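Below you'll find the structure, written out as structure tokens, and then a few comments.
Please treat every number below as a calculation from the coordinates, not as lab data. Not measured: the values here are computed from a predicted model. Every residue, glycine as well, gets a Cβ built from its backbone with ideal geometry; the counts of neighbours run over all protein chains shown.
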Amino acid sequence: MEGRVPEDVTVVVDAGGAVTAWSDGAHRLLGYAPADIVGRPATSLLAAGLPESTRRHVADGRRWASEVALRHRDGDRVVVRLQGAPLPAADGGRLWIVTGATPAPTVPRAEHQALALWDLTLAQLPVPVAVYDREARLVAANEIMTQVMGRSEEEMKGLTLWEIEPSPPFDEYDRLQRQVLRTGEMIFHEEHGKAPGETRTHAWSMFLSPLKDETGAVQGMSATVFDTTEQYWARRRLAVLNEASLRIGSTLDVARTADELAEVAVSGFADFVTVDLLESVALGDEPEPLPRDAPITVRRTAQRSVLRGCPESVVATGDTTLYPVGTLPARTLAAGRGAGHRPGDPGLRDWIRSSPGRAESVARYGIHSVMMVPLRARGVTLGLVHILRHRTPEPFSEDDLLLAEEMVARAAVSVDNARRYTRELRTALALQRSLLPERPPRLAAMDVAYRYLPTGSGADIGGDWFDVIPLSGCRVALVVGDVVGHGIHATATMGRLRTAVRTLADVDLAPDELLTQLDDLVIRLDREEGPEVRERTTQPSGQVGATCLYAVYDPVSRRCSMARAGHPPPALVTPGGDVRFVDLPAGPPLGLGGLPFEAAEVELEENSLLALYTDGLIEAADHDIEVGIGLLRQALSRPADALEDTCDQVLRTVLADRPADDIVLMLARTAGLGAAQVRTWQLPPDPAAVAGARKMAGEQLAAWGLTEAAFTTELIVSELVTNALRYGGAPIELRLIRDSALICEVSDGSSTAPHLRRARVFDEGGRGLLLVAQLSERWGSRQTPTGKTIWAEQRLPAETSG
């Protein structure tokens, strides 16, 4: 702030720079009593360095007069105009007596009234004016100009600007002056900097005009300088506000948006900025009401400084801190309005002193002006922004506060949008992950590992899904799909399709038949969820669609049957490391209807590797599918021993950046069931075969060490074989599989599906399947190319189940 110098200000400084005398006027000006300051270095009173011209005068032992920035006892910055005069000391040294400066009276330079008035006008003009001759040497300067330059007129007369001040930007001024003298044309020049005789930075608008005689010859030039600091800062504020509109809110990320706010403020008008968000807002949740009788918890979400590394900060980015009840930040949040403060204000002083680290930072970096502005959007408080100055000597003005409030208000809307997006995205991802398997099941037929990567862009989540479904006979179904579109609707459709696939898989449909049933379901969903204005029609709208790959692996035969509906083909890696993509008919995407699906069957060596994926994986490499397929082949050519490591290896190789679409990658390493785990018998279509089947099953269980399960197994075998003889036909086959469970399968040549019913009291039959259902853990049937298979699964005895 500007300080008015009391008339009785007198300070004496000795040759060593210590204060030796301190008047009552100095006490009133800076708040220090003589006992507080006498003996201390005079430099401890400075809030900024002395002007360059003043330092030269002091070094030369000459009188000086200039503006000086001093620090008041309460921390405020006081700018006053002082003058110093050297005095001889008794020891031969030099003392300095410092008093308030008084303008030198202006004396008319001529006795002629017109010339006298003209001289008075130039001398008393409230803007700096100087006149130069044809050699760009100073002829005259008014009082304001001498104050700005920090030299008297006598000191500057006869010198060029470069000789007066041999430092930038005076070299440029000297060049411009000589250009005016050479061309005779006026030049307008703007500059923002600190004049030699002042302690603060100003914006100057300079008019360099030629002085011509009656013949038009250039005899000299004049320099008229206008202080346009206020206009400069007004333009600067508008530029900052425009920059804030362009740069803040470029992403839907809370932390990034807060950092953009801090970055714009520091680059525009502040020296240090912090953004503290309420803990709930920083986590993406709904803002909680501000507590009245408890401290407010905030998280330091962003901070920026003109100094590298934000050394002024006492709270690290990402850490939480508290605003205690009744402190200035808590009151500012409660009021919902921004305010400017100085270190001497009681509220800010108490806040600074409440933390030793904060007090040390304020003193060390000379923080002299603070604004606190609440982040509020849609009537809800989100956090608090601290805006501080220490490098910039001017304190914040009312216009600065208006600018800060406008900028913070715009940023608050972006922060709130980012918070809402974060919450909705987290909800959608939670829904999507709840619809996907948490972990792969333990299987005898294969080892499975997978990776699911939701999109890393600002787009909504996709509808990619996958599943691993255990089937009867130790078989395993693998499915990967991708629903058209993004967002909650795509996720919900994905959940319905995954449930449908599991249901159809339990029926043990062949892959092509399963896709046909799934295609009908997608068409029904499309008709039900199409636009309301669309006339009801049997034609699909195409708004609901999906791709899918469905594969079934049998570890006994080591054959894999698969079909796909518009989905990328799977990759197959042989035990020797050869990589090929299975030649599988593409099939139409789900939802088109009327087009058939074709299945293909391949025989897999034990320890083969199948890779199933969605198109987001291969399209992530520069959006070129061929490049993506090549990178996938390269990544799979040398698979790691562990499937989890192979998954990471594939993603590192194929993905150059965060994916633009959801990605599913599922790897399955096949295993086989050896002859020691499977036993098969062909049975004649003769009722006497029932007894033989029971006997063979009992002997096999004894060989496996499962005599405890023999009685139950023989009953199941008896009922299933009898059922095949009575209702089925040749060929009849009995198969026992010993794995994590004991599986009994009976196949026959009839495709008629069995029907479980409860027999009445006097019925002679109908109890077979009911008995099987009661004796087994689970049972079912599936269609085969030659008929059907009925199976029943039992739990192994505890001592042999491992």
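May I ask you to derive the relative contact order of the stretch 233-425, considering only C-alpha pairs under 8 Å and at least 6 residues apart, and to give it as an integer percent? It comes to 27 percent, rounded to a whole number. Let me know the shape class of the chain, please: from the alpha-carbon gyration tensor, a ≥ b ≥ c as square roots of the eigenvalues, rounded when a/c is under 1.5, otherwise prolate if a/b is greater than b/c, or oblate. Since a/c reaches 1.5 and a/b is larger than b/c, the shape of the chain is classed as prolate.
Applying 0.36 nm per residue to the separation of residue 152 and residue 653 and subtracting their alpha-carbon distance, the gain on full extension is 173.0 nm. Taking other C-beta atoms within 10 Å as the exposure proxy, 686, 24, 519 rank 686, 24, 519 from fewest upward.
If you plug the beta carbon distance of residue 162 and residue 294 into 1/(1 + (r/R0)^6) with R0 = 60 Å, you get a FRET efficiency near 0.40. Per residue, the average separation of C-alpha pairs within less than 8 Å and at least 6 apart gives the stretch 10-100 a relative contact order of 28 percent.
Here the label points at residue 680 and residue 751, each 7 Å from Cα along the C-beta direction, are separated by 2.1 nm in the simple model. Projected label points at residue 360 and residue 139, each 7 Å from Cα along the beta carbon direction, are separated by 6.1 nanometres.
Quick check: the distance between the Cα centres of the stretch 330-361 and the stretch 37-72, to the nearest angstrom? One Cα centre to the other: 30 Å. Here each label is just a point 7 Å from Cα along the line to Cβ, and for residue 489 and residue 436 those points are 2.2 nm apart. What you get for the chain, charging only the Cβ of Lys and Arg (+1) and of Asp and Glu (-1), is a dipole of about 1360 debye around the Cα centre. Note on residue 251 and residue 20: the extension gain reaches 77.1 nm, defined as 0.36 nm multiplied by sequence separation minus the Cα-Cα distance. Taking a straight line from the alpha carbon of residue 695, these lysines sit under 24 Å away, with near neighbours fewer than eight places off in the same chain left out: 788. Maximal additional length on extending the residue 74-residue 627 stretch stands at 192.2 nm, based on 0.36 nm per residue less the C-alpha distance. Within the chain, the whole DSSP H helices whose Cα atoms reach 18 Å or more along their own axis and whose mean Kyte-Doolittle score is at least 0.5 are 710-727. Ordering 704, 741, 688 by the projection of their Cα atoms onto the charge dipole of the stretch 657-746, which places +1 on the Cβ of Lys and Arg and -1 on the Cβ of Asp and Glu, puts 688 at the extreme positive end. About the Cα centre of the stretch 678-795, what is the dipole size in debye to 20, counting +1 per Lys and Arg Cβ and -1 per Asp and Glu Cβ, all else neutral? Value, rounded to 20: 260 debye.
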